[in-house]
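Take a look at the structure below.
FYI, it's all coordinate maths here, none of it is from the lab. A quick note: this is a predicted structure, and the numbers were derived from the prediction, not measured. Ideal geometry is used to build each Cβ from the backbone, glycine not excepted, and the neighbour counts take in all protein chains shown.
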Amino acid sequence: MSNIKMFDQKHLSTTQRIKIEKGLNDGLSFAAIARTIDKHPSTVAKEVKKYRYFPPKKNQEKPLQCARFKECQMRFLCDKKDCVKLCKSCYDVQRRIPRCTLECPDYLIPHCPQIQKAPYVCNHCQKTKRCLKQLAFYSAQHADQSSQELLVSCRTGINQDPVDIALLDELISPLLKQGQSLAHIYAFHGHEIPCSRRTLYNYIDKGIFSARNIDLRRRVRYKCKPRKTGTRISLAAKKFRIGRTYEDFQKYLKEHPETSVVEMEFITVIPTVHGKRAC
């Protein structure tokens with residue numbers, strides 16, 4: 001029997017992202033963090049690289065020294081015709097930076113070498129307060145918000161090429177205006193339609209085709225029902241669950257087998273007056 005461990009392919013939850021941030025702050029490796037959330041180490045690495053953020057500098061008027069400053073041989077960036085010096089040797093006294101930093105088209109922002117390899121962020125670094133290079137951090141709240149925005153943006157708009165939309169319009173709109181239903185059209189032309197019937201209804205409601213939803217024969221008989229919007233628990237509302245889940249309870253029982261467990265049930269009785277509920 002194979003000993004290869006299988007991991008689920010689900011999206012990372014808010015609780016798992018909080019554990020990733022805590023592991024990075026503690027200086028743990030990706031493998032150690034992956035064991036705490038039951039994921040593959042490559043999943044943690046991709047998560048950190050994808051949702052890390054680069055905070056801007058406090059003093060934007062004073063840019064960092066170019067990453068190519070030491071080996072740079074750039075000349076003739078200024079308007080002085082007789083100047084043959086290296087541009088990096090010209091110094092701006094007021095801003096206290098080389099002039100080429102502001103004028104050079106090949107200026108490269110210096111990044112910390114630690115963010116080019118694992119762990120790709122500066123969460124555990126002790127030099128962040130005095131480091132002058134571009135830093136990178138991973139925040140569970142920022143990653144969770146960016147992930148949700150990405151999921152929403154991927155599902156908005158029309159998932160069809162303009163050419164396919166035009167072909168669908170030429171096929172469906174004339175038949176709808178003749179009084180045919182979408183079910184009838186889909187039964188005879190389903191092999192020519194690259195989407196489901198539900199998607200066609202959505203396209204018609206959004207006005208993608210020249211035919212409108214009023215051209216549907218039975219549309220006027222139905223009442224408009226508001227769509228239910230799903231509610232999602234915020235990051236702050238989930239923090240209280242850390243260390244209080246059923247898995248944590250089972251782990252505690254294994255570590256403390258002498259603990260006695262008591263299960264209780266609560267019944268709430270609503271008071272009534274003459275067989276009716278009291279207001």
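Considering only alpha-carbon pairs that sit under 8 angstrom and 6 or more positions apart, the relative contact order computed for the range 163-221 is 42 percent.
For the range 1-120, just say rounded, prolate or oblate: build the C-alpha gyration tensor, square-root its eigenvalues into a ≥ b ≥ c, call rounded for a/c under 1.5, and beyond that prolate if a/b exceeds b/c, oblate if not. Because a/c hits 1.5 or more and a/b exceeds b/c, the range 1-120 counts as prolate.
Scan the chain and hand back the longest stretch that contains none of the GluC sites (Glu not before Pro) lying in DSSP loops with at most 10 other Cβ atoms within 10 Å. Segment 72-257 is the longest. Taking a ≥ b ≥ c as the square roots of the Cα gyration tensor eigenvalues, with a/c under 1.5 meaning rounded and otherwise prolate when a/b beats b/c, else oblate, which class fits the chain? Because a/c hits 1.5 or more and a/b fails to exceed b/c, the chain counts as oblate. A Stokes-Einstein calculation at 25 °C with viscosity 0.890 mPa s, built on the Kirkwood radius of the range 163-221 over Cα pairs, returns a diffusion coefficient of 217 µm²/s.
Segment Gln94..Gln145, full-extension length gain: 14.3 nm, with 0.36 nm per residue of separation and the alpha-carbon distance subtracted.
In this structure, the amide hydrogen of Ile97, modeled 1.01 Å from its nitrogen in the peptide plane, lies closer than 5 angstrom to those of Asp92, counting only residues at least 5 positions away or on a different chain.
The chymotrypsin sites (Phe, Trp or Tyr not before Pro) of the range 88-163 include none that meets both criteria, a DSSP state outside H, G, I, E and B (loop) and at most 11 other C-beta atoms within 10 angstrom of the site's C-beta.
Pairs over the 23 Å Cα-Cα cut-off, from the set Lys57/Lys127; Lys19/Lys39; Lys22/Lys50; Lys46/Lys129: Lys46/Lys129.
Using helices alone, I'd like the mean residue ellipticity at 222 nm for the chain: each DSSP H run of four-plus residues gives -39500 (n - 2.57), total over residue count, nearest 500. Intermediate values should be presented prior to the final figure.
On the way: 10 runs with 97 residues, N = 279.
The per-residue figure over the chain is -10000 deg cm²/dmol.
Between the DSSP loop rule and a limit of at most 12 other Cβ atoms within 10 Å, which trypsin sites (Lys or Arg not before Pro) in the range 1-106 are left? Don't skip to the answer; put the middle values down first.
On the way: sites: Lys5, Lys10, Arg17, Lys19, Lys22, Arg35, Lys39, Lys46, Lys49, Lys50, Arg52, Lys57, Lys58, Arg68, Lys70, Arg75, Lys80, Lys81, Lys85, Lys88, Arg95, Arg96, Arg99; in loops: Lys5, Lys10, Lys39, Arg52, Lys57, Lys58, Arg68, Lys70, Arg75, Lys80, Lys81, Lys85, Arg95, Arg96, Arg99.
Those satisfying the criteria are Lys5, Lys10, Lys58, Lys70, Lys80, Lys81, Lys85, Arg96.
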